[in-house]
Amino acid sequence: MWRREPVVAGSFYPSHPDKLMRDIDSYLAEVKGPSLKEDIVALISPHAGYVYSGHVAAYAYKQLIGKDINLVVVMAPSHRARFDGASVIPGGSYITPLGEVEIDKEVCERLLAKKQFEFLRRVDEVEHSLEVQVPFLQRVLKSFTLVPIIIGCTDIEICNFLAQSIASILKEKQSFVIILSTDLSHYYSYNKARSIDSEFIKALETFDENELYEVLSAGKAQACGEGPVLTGIMTSKALGAKAVRVLHYATSGDTAGGKDQVVGYLAAAITK
């Protein structure tokens, strides 16, 4: 049983609980637009520092307020190591300044019994792309268990195997949501970044993992969470999802940075 301590509290988001709650609540309060009426299977959320991407992430997490969800699967990319498959923490707790979230031991152990799943502590203990999602979840949901999955590759066949394995377990669950963690293009000029990211969004909206994979493989678009997004689309399809709806797009140049070199951020929902 592992207590996964936060590693980017104080840098990517505030380390003081009150400040962290105030920041998240302010991002959520700024969201414009109604809640989706469709059943949400998955959400796409960025993973940069909150001052840059928190405004965008809030468009995804606002959709969960008032929902009776007790299981959250977060799929996030590995930034420091490549490996074929996924790392899953087998049990314990995931800690943020807002408290501890129980890791769903039953689901995680079932995944670890399947091929391509293993626990790589060296990967999980330093990865920010999953950690930054958890405080938002703690603010919008009453109580939930967490399935933290770090995906180490972008091979579409491996992603499909992961997806089918995850879906086979979630089909037995009544109340869950999947979070897909990704940023888009990195360090282009403002207008160039928006052009590149528009290619990702167009491909994403087809809800065709092969179309998205081709666009990314050809370098027409970029997403550091390519593996989680591909896996998430295929998992969602296996669970009956029918479409993707973009909720909000912005760059760091729209939020808290200059426009010479920006990073793209997207919030989207995958629905039935």
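The values are calculated or read from the model by the stated rules, or taken from the named source; none is laboratory data. It should be emphasised that the depicted structure is a prediction, and the values quoted were computed from it without experimental measurement. Counting neighbours? That spans all protein chains shown, and the Cβs are built from the backbone with ideal geometry, glycine included.
Some points to look at:
- Among the residues of the stretch 176-189, just one is in a loop (DSSP other than H, G, I, E, B) and more than 18 Å from the chain's Cα centre (by Cα), namely Ser189.
- Answer residue from the stretch 83-106, given it is among the hydrophobic types (A, V, I, L, M, F, W, C) and touching a Gly at 6+ places or on another chain (Cβ under 8 Å) and is nearest to Ser175 (Cα to Cα) among those: Ile103
- Within the stretch 1-33, the residues that satisfy the criterion of being closer than 17 Å to Glu100 by Cβ and among the hydroxyl-bearing types (Ser, Thr, Tyr) are Tyr13, Ser15.
- Residue list for the stretch 122-171, restricted to those being touching a Cys at 6+ places or on another chain (Cβ under 9 Å) and either small (Gly, Ala, Ser) or without any contact (Cβ under 8 Å) to a residue 12 or more places away in the chain (or both): Ser129
- Index of the failed condition, Thr235 passing every other in (1) closer than 22 Å to Ala167 by Cα; (2) of a type in the set (Val, Ile, Thr); (3) part of a strand (DSSP E or B): (3)
- Number of positions in the stretch 238-258 that are without any contact (Cβ under 8 Å) to a residue 40 or more places away in the chain and either within 18 Å of Glu157 (Cα to Cα) or buried (at least 21 other Cβ atoms within 10 Å of the Cβ) (or both): 0
- When restricted to residues that are outside any strand (DSSP E or B) and in contact with an Asp or Glu (Cβ under 9 Å, 6 or more places away or on another chain), the stretch 258-272 contains 1.
- Exactly one residue among Lys142, Lys220, Lys192, Lys202 is of a type in the set (Lys, Arg), at pLDDT 95 or above and in a loop (DSSP other than H, G, I, E, B), and that residue is Lys220.
- Residue in the stretch 259-266 that is hydrophobic (A, V, I, L, M, F, W, C), modelled with pLDDT of 95 or more, buried (at least 24 other Cβ atoms within 10 Å of the Cβ) and under 18 Å from Leu28 (Cβ atoms) present: yes
- Residue in the stretch 130-137 that is in contact with a strand residue (DSSP E or B) (Cβ under 8 Å, 6 or more places away or on another chain), among the aromatic types (Phe, Trp, Tyr), surrounded by fewer than 21 Cβ atoms within 10 Å (Cβ to Cβ) and at pLDDT 95 or above present: no
- Residue selected from the stretch 201-223 under the condition farther than 28 Å from Lys173 by Cβ and touching a residue at least 60 places away in the same chain (Cβ under 8 Å), by the criterion surrounded by the most Cβ atoms within 10 Å (Cβ to Cβ): Leu216
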